[in-house]
Amino acid sequence: MAGEHVHALYRHGESALHRLQPQVKIATAFLFVFAVVATPREAFWAFGVYATILISLAAFARLGVRFVATRMIVEVPFVLAALLFPFIAGGDKVQFLGLALSENGLWAMWNVLAKATLGLLTSIVLAGTTDIPAMLRGFDALRVPRVLTAIMGFMIRYLDVVLGEFRRMRVAMQSRGYNPSWIGQAKPYATSAGTIFVRSYERGERVYLAMASRGYSGHMPPSSIQAATARQWLVALSLPVLAWAIAALAWVAQ
Amino acid sequence: MSVPTIAVDDLRFAYPDGTPALRGIDLHIHPGERVALLGPNGAGKTTLILHMNGIHMPQQGTVAVSGLELSQESVMEVRRRVGIVFQDPDDQLFMPTVREDVEFGPRNLGLEGPALDRRVDDALEAMEVPDLVDRPPNHLSFGQKRRVAISGVLAMEPEILVLDEPTSNLDPASRRELATALNRLDTTQLIVTHDLPFAYEMCPRSVVIDKGAIVANGATAEILGDEALLRQHRLELPYGFSVTPNA
């Protein structure tokens, strides 16, 4: 019930990709996406290679087609925006099914779609094989300031609690005849959002009390970081190195 | 007599608007004791326990923990000695996993490595939830959350465990499991509760507080057997439940 959405990004598994230290995975994913973005849009073959790499990784981690496809839905608004480019961009026009499409616009559309899809696929593989506590430890290991990772941790921890409160409040409203599908009744939603804000603020104070009671004095204790072996780094980083080589080759071949 | 684990003497406290909350509390709890703190809503129970670890500082009177008087200088040591478990376990479990949460207190005390691991294991073992160690708190049942919250406090190895409404919202089986685990602990305990049968089961001594003052202090059986006293302070035994004094 509560909590499914938080874990909806992670798929439990035992693959080597799951076992890889999170900091290695985060760094690899980051560098890989950089290479994708730096690749010239004309190099179709390069994008094909990237896609093959990512799909193989997803298959290796046994993420499943359905799992990946449903998580790709988040891209839809970007796709819709990109589909407008050929109609609104200027420059030379090409005729397609009786429509005059901008050549520049078509290239821009392809560029956005290809790179956004590959970037999203990378993050789905990363999140699908790394649970949230591990992800936070990974950021800590990469020396992201502890205060930021602590804030992320609190946010994720209490997202569930707050959504649960909101859900219960909505059920209570509906139980007393509230019909949220009628737009004229938007006001109770807005009011309950305000109530949730105040409640969360008060909860924040209680959490602070509980922290102070266990010796908190302004600094979060460091998280327990497991070091990654040189071999793990080497194997994992070969991936972005390959991607960078492809990007470089694509530029040279142009 | 031994040095009391908690010694509260003539403690007075008023809220910023002048409303008095505590009107001269005297309460001593000795090592190994298990005491119930009873009283109606708004009696000052929570205000009193927030004085025991220096979340509130005494405006008048003193609080001492095993002989150490509460002051700005001693507050961190007092917080180590007095472990408070708050009512809503969601307020208490704020770290991403159970392990990290139970580690939070001992890490603040500077523990790490095997000593830290031992604390975590012992604390979870004491509450009989060692298998939850790698779970995120949002996936636990309410009863599990409550026991993990207590583990997080036990990991600080406090001299006294203060539990605020430990049985609230628990189903009867979870309540039973909690009672068993708490019964097994050697730690001195102060249990704040509206659950009078639980107080009767767990605590040989009870203290009743009403309108900021202690109105009764004695054997739990005597207090729960005194119908007039209970009625006067808005305390009620569940239907069909009765306690015979000196039983």
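The values are calculated or read from the model by the stated rules, or taken from the named source; none is laboratory data. Computed from a prediction, not measured in an experiment: that's the story for all the values here. For neighbour counting, all protein chains shown are included, and Cβ atoms are generated from backbone atoms with ideal geometry for every residue, glycine included.
Just one of (1) in the same structural domain as A:A29 (by TED's automatic domain parsing); (2) in a helix (DSSP H, G or I) fails for A:A100. It is (2). Tell me, please, whether a residue that is more than 16 Å from the chain's Cα centre (by Cα), in a helix (DSSP H, G or I) and either modelled with pLDDT under 85 or assigned by TED's automatic domain parsing to the domain that holds A:P40 (or both) can be found in the stretch A:63-77. Checking the stretch A:63-77: at least one residue is more than 16 Å from the chain's Cα centre (by Cα), in a helix (DSSP H, G or I) and either modelled with pLDDT under 85 or assigned by TED's automatic domain parsing to the domain that holds A:P40 (or both).
If I ask for residues that are in contact with a helix residue (DSSP H, G or I) (Cβ under 9 Å, 6 or more places away or on another chain) and among the small types (G, A, S), which ones from the stretch B:67-104 would you list? Listed by number, the residues that qualify are B:S71, B:G83. Restricting attention to the stretch A:17-28, does a residue exist that is within 14 Å of chain B (Cβ to nearest Cβ), of a type in the set (A, V, I, L, M, F, W, C) and within 20 Å of the chain's Cα centre (by Cα)? So far as the stretch A:17-28 goes, no, none of its residues is within 14 Å of chain B (Cβ to nearest Cβ), of a type in the set (A, V, I, L, M, F, W, C) and within 20 Å of the chain's Cα centre (by Cα). Hey, does the stretch A:107-127 have a residue that's within 14 Å of chain B (Cβ to nearest Cβ), in contact (Cβ under 8 Å) with a residue 40 or more places away in the chain, surrounded by 16 or more Cβ atoms within 10 Å (Cβ to Cβ) and within 15 Å of the chain's Cα centre (by Cα)? Checked the stretch A:107-127: no residue is within 14 Å of chain B (Cβ to nearest Cβ), in contact (Cβ under 8 Å) with a residue 40 or more places away in the chain, surrounded by 16 or more Cβ atoms within 10 Å (Cβ to Cβ) and within 15 Å of the chain's Cα centre (by Cα). Residues in the stretch B:129-141 that are modelled with pLDDT under 95 and of a type in the set (D, E, K, R) were compared, and the one that is surrounded by the most Cβ atoms within 10 Å (Cβ to Cβ) is B:R135. If you filter the stretch A:135-163 down to residues that are at the interface with chain B (Cβ under 10 Å from one of its Cβ atoms) and within 15 Å of the chain's Cα centre (by Cα), you find that the one that is modelled with the lowest pLDDT is A:I156. Number of residues in the stretch A:212-254 that are within 30 Å of A:V36 (Cα to Cα), out of contact with any helix residue (DSSP H, G or I) (no Cβ under 8 Å at 6 or more places or on another chain) and within 14 Å of another protein chain (Cβ to nearest Cβ): the value is 0.
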